[in-house]
Structures are given as structure tokens and as C-alpha cells.
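**Q** Questions regarding the structure given below will be posed in turn.
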Amino acid sequence: MGIIFDKYRNGINLGGWISQCSYEKRHILEFITEADVKKIASWGLDHIRLPFDYHVLENGTGYEAMDNCLKWCKNAGLNLVLDLHKAPGYSFGNNAEDNILFSDGVSQDKFVNIWQDVAARYKNEGDSLIFELLNEVVDAQGDAWNKVARKAIEAILAISPTRYILLGGPNYNSVHGLETLEIWNTEYVLYNFHFYEPMFVTHQNARWTALKDSGIFQPYPGKIEGFAQLEQIFAEGSQYPHMKENTVFDINFLEQCLSPAIEFSKRHNKELYCGEYGVLELAGLQGRINYTKDTNALFEKYGIGRALWTYKDMDFTTVGKDGEAVSGEIIEAIRRK
């Protein structure tokens with residue numbers, strides 16, 4: 001199937017370690033250890049996606065953690081994706097107008113320099129290491145992102161000509177953003193998306209979304225709850241045009257949501273990788289289990305590599321406070337068969 005389905009088929013994110021965190025030395029030393037990486041390997045997974053913020057490179061703690069993670073992954077037989085989660089002049093948590101990366105030359109130079117430094121540091125690593133340029137681009141048009149991405153990709157390949165690079169689209173790396181991306185005529189540029197569809201299931205009542213005060217509990221699988229209320233919350237237009245008052249959220253609905261990515265892959269003959277998918281804890285354990293089983297069945301059907309969000313904490317935890325998996329059924333669903 002290619003490099004993704006061969007080596008990056010079933011993975012998990014280490015969110016909150018050196019991204020979206022305090023950046024304090026103690027946190028970075030203690031939040032994830034080699035024991036965690038060994039546990040992930042024991043689950044039958046084949047890779048880790050490691051989000052990192054540029055701040056941790058500037059304060060000197062980031063490379064230490066990245067070096068350790070790479071070493072631990074090698075010891076455990078795992079592959080590694082390095083994902084730049086927050087860049088100079090850009091944070092996915094803000095609206096596009098709050099970011100300057102796509103318009104500011106200084107920020108773009110810093111962005112390219114980060115990837116040049118990372119590429120040089122790991123240039124002797126083989127295809128057990130992949131770079132993901134930027135997490136969840138907001139820019140709705142994509143053209144500005146294509147120009148910045150080209151600069152970084154060319155800089156990386158000039159240093160490490162056989163380094164595989166993941167390129168994701170705008171609109172928070174949605175399946176719809178893939179079509180806005182430049183199509184590279186090289187095997188070393190691969191395409192990436194995130195899949196949290198439908199948000200009414202995966203992010204129900206999440207405090208950072210428009211659903212935070214809805215009070216709606218949406219079972220999965222199950223008929224849509226509070227349709228009129230959800231229509232009002234998303235009055236400016238739904239990204240789910242096939243959603244009706246009697247819609248049932250199930251594997252068939254998920255397949256419809258996934259179809260733009262599937263069509264993109266077929267049209268351009270490109271491998272796909274889903275860097276994030278999952279359901280937050282507020283949705284309830286059984287819904288999380290059911291959703292994880294269905295998404296993985298679809299990823300298997302269409303040959304899509306993926307990494308569950310996320311291993312620890314961050315409202316989507318896969319391990320409890322005791323360090324053990326919250327559900328053996330979730331682990332079985334994401335295990336490499």
C-alpha cells in the first residue's frame with residue numbers, strides 16, 4: 001500500500017507533552033517517559049505522532065524530548081511523526097485574522113528555518129521518521145498556505161532528499177481542504193487530514209466550541225439529538241449538508257463524511273494519513289468505543305493510516321489516572337491487525 005499503510009497504519013498522539021503545555025522543564029521530563037512508549041508498543045501500534053510547539057525548540061527542552069522520543073520509539077520498534085503544532089506567527093487555536101504566518105515574511109523565514117534545523121538534525125534517520133509541516137491550517141483559501149508550504153518542503157528536501165513530508169489542508173485540516181492543496185509530483189510529499197466528524201458527536205459540549213452550552217448528549221450510533229438547536233448554533237451554514245432532522249449518526253454517515261478524502265486519494269493517486277481522530281471523554285465511554293471501532297473499520301477499508309487523539313489527558317485521554325487504558329475495546333479497535 002505504500003509507506004503510510006506499511007509503517008504508519010495504527011498510531012496514537014502524544015498531545016500535551018511538548019505542545020499546548022506549560023513548557024516547564026519538570027512537565028517535559030515527567031509527562032511522558034519511556035514507560036509510556038513501551039506501553040503504546042505493547043498495544044500493538046506501529047507509530048507515535050508527536051506534536052511540538054516552536055517554543056520548546058527556543059527554550060532548549062524540545063530537542064531533548066524529541067531525541068528521547070525517537071530513541072524510545074526505536075527501542076520499542078515504533079515509527080515517529082514530528083508535527084509542528086504551533087509555529088512562529090501561527091496558532092491553530094486562533095482565527096485566521098489573528099495569525100500572520102501567511103502574510104509576514106519574517107514569520108515565514110522562521111518557519112522554514114525551524115524545518116531546516118529539524119531536517120539537518122535528523123537527516124540520517126530513515127523512513128521511520130516523518131515530518132508534518134503544520135497542524136490544522138485555518139486559512140480558508142489555501143493559496144497562501146501552498147506558497148509557505150512549498151518553501152518549507154523545498155528546504156527540507158534540499159537537506160534530506162528522501163524525507164517523507166505530510167501536507168494538510170486548510171479549514172482545520174478538514175477533508176474538504178485537501179482539494180485546495182498543491183499536488184506534488186514526488187512520492188515524498190504525502191497528504192494528511194484530521195477526522196472529527198460529526199463534531200456533534202466527537203466534541204459534544206466541549207468547552208472550546210460552539211457546542212459548549214448546548215447540554216445535548218449525542219449517543220453514537222444514534223439518531224441526531226436537538227436538531228433545531230444545533231441548526232441555530234451553526235446558523236451560518238452546516239458542513240454536513242446531508243444531515244437532516246432524522247439523520248442517524250453511524251458508520252454510513254461517517255463514510256459520507258470521509259468521502260471527499262477518499263475521492264481526493266483516488267483522483268490524485270496519493271496516500272492518505274489521518275493525523276487526528278477521536279471522541280472526547282464527555283461523550284461517554286460506550287460512544288467512544290463505538291466511534292473508534294467504526295472509524296478504524298473505514299480507515300482499514302480505504303487504506304488510510306491514522307493516529308488516535310490522544311494518549312494522555314487533553315480531554316480525549318486513552319489512559320486513566322492509573323496509567324492503564326480506559327477501555328480494552330478502544331485498544332483493540334486501534335491495534336494493528
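**Q** R0 = 41 Å: FRET efficiency of Lys151 with Asp250, Cβ-based, nearest 0.05?
**A** So the FRET efficiency works out to roughly 0.45.
**Q** Tabulate in residue order the Karplus-calculated ³J(HN,Hα) for the range 128-136, using 6.51 cos²θ - 1.76 cosθ + 1.60 with θ = phi - 60°, rounded to whole Hz; enter x for Gly and Pro.
**A** 7, 9, 10, 9, 10, 4, 6, 7, 6
**Q** What lysines could a cross-link reach from Lys321, if we take a straight Cα to Cα line under 23 Å and drop same-chain neighbours fewer than 8 places away?
**A** Lys25, Lys38, Lys39, Lys312
**Q** How far, in nm, would the chain grow between Leu29 and Glu58 when pulled straight, counting 0.36 nm per residue and subtracting the alpha carbon separation?
**A** Roughly 8.8 nm would be gained on extension.
**Q** While we're here: Probe radius 1.4 Å, ligands and nucleic acids ignored: give me the carbon and sulfur share of the accessible area of the chain as a rounded percent.
**A** Of the solvent-accessible surface of the chain, carbon and sulfur hold 47 percent.
**Q** Quick query: amide H of Ile130 versus all other amide H atoms, modeled in the peptide plane; which residues come in under 5 Å with a sequence gap of 5 or more or a different chain?
**A** Residues meeting the criterion, in which the H sits 1.01 Å from N, are Leu80, Val81, Leu82.
**Q** May I ask which residue of Phe264, Ala283, Gln218 lies farthest towards the positive end of the charge dipole of the range 211-337, with charges of +1 (Lys, Arg) and -1 (Asp, Glu) on Cβ and the Cα centre as origin?
**A** Comparing the listed Cα positions along the dipole, Phe264 ranks first.
**Q** Check Lys223: other-chain or 5+ apart residues with amide H under 5 Å from its amide H, H built from backbone geometry?
**A** Sorted by chain and number, the residues that satisfy this are Phe249.
**Q** Set the Förster distance to 30 Å, then compute FRET efficiency between Asp143 and Asn185 from the Cβ-Cβ distance, nearest 0.05.
**A** For Asp143 and Asn185, the calculated efficiency is 0.95.
**Q** Let me ask you something else. If I take every Cα pair under 8 Å that is 6 or more residues apart in the chain, average their sequence separation and divide by the length, what percent do I get for the relative contact order?
**A** 19
**Q** Let's see if you can work this out: charge +1 on each Lys and Arg Cβ, -1 on each Asp and Glu Cβ, no other charges. What is the dipole magnitude of the range 263-334 about its Cα centre, in debye to the nearest 20?
**A** On the way: 9 positive and 12 negative charges, 79 e Å.
Here the size comes out at about 380 debye.
**Q** Using 0.36 nm per residue of separation minus the Cα-Cα distance, give me the extension gain between Thr162 and His268 in nm, one decimal.
**A** 36.1 nm
**Q** Given a 1.4 Å probe, how much area per residue of the range 39-147 is accessible, in Å²? Present the calculation step by step, with values, prior to reporting the outcome.
**A** Values: 4130 Å² over 109 residues.
Dividing the accessible area of the range 39-147 by its residue count gives 38 Å².
The values are calculated or read from the model by the stated rules, or taken from the named source; none is laboratory data. Computed from a prediction, not measured in an experiment: that's the story for all the values here. Reconstructed Cβ throughout: ideal geometry from the backbone, glycine too, with neighbour counts over all protein chains shown. In case anyone asks, the SASA skips ligands and DNA or RNA and just uses the protein heavy atoms, side chains included. Shrake-Rupley method; radii C 1.70, N 1.55, O 1.52, S 1.80 Å.
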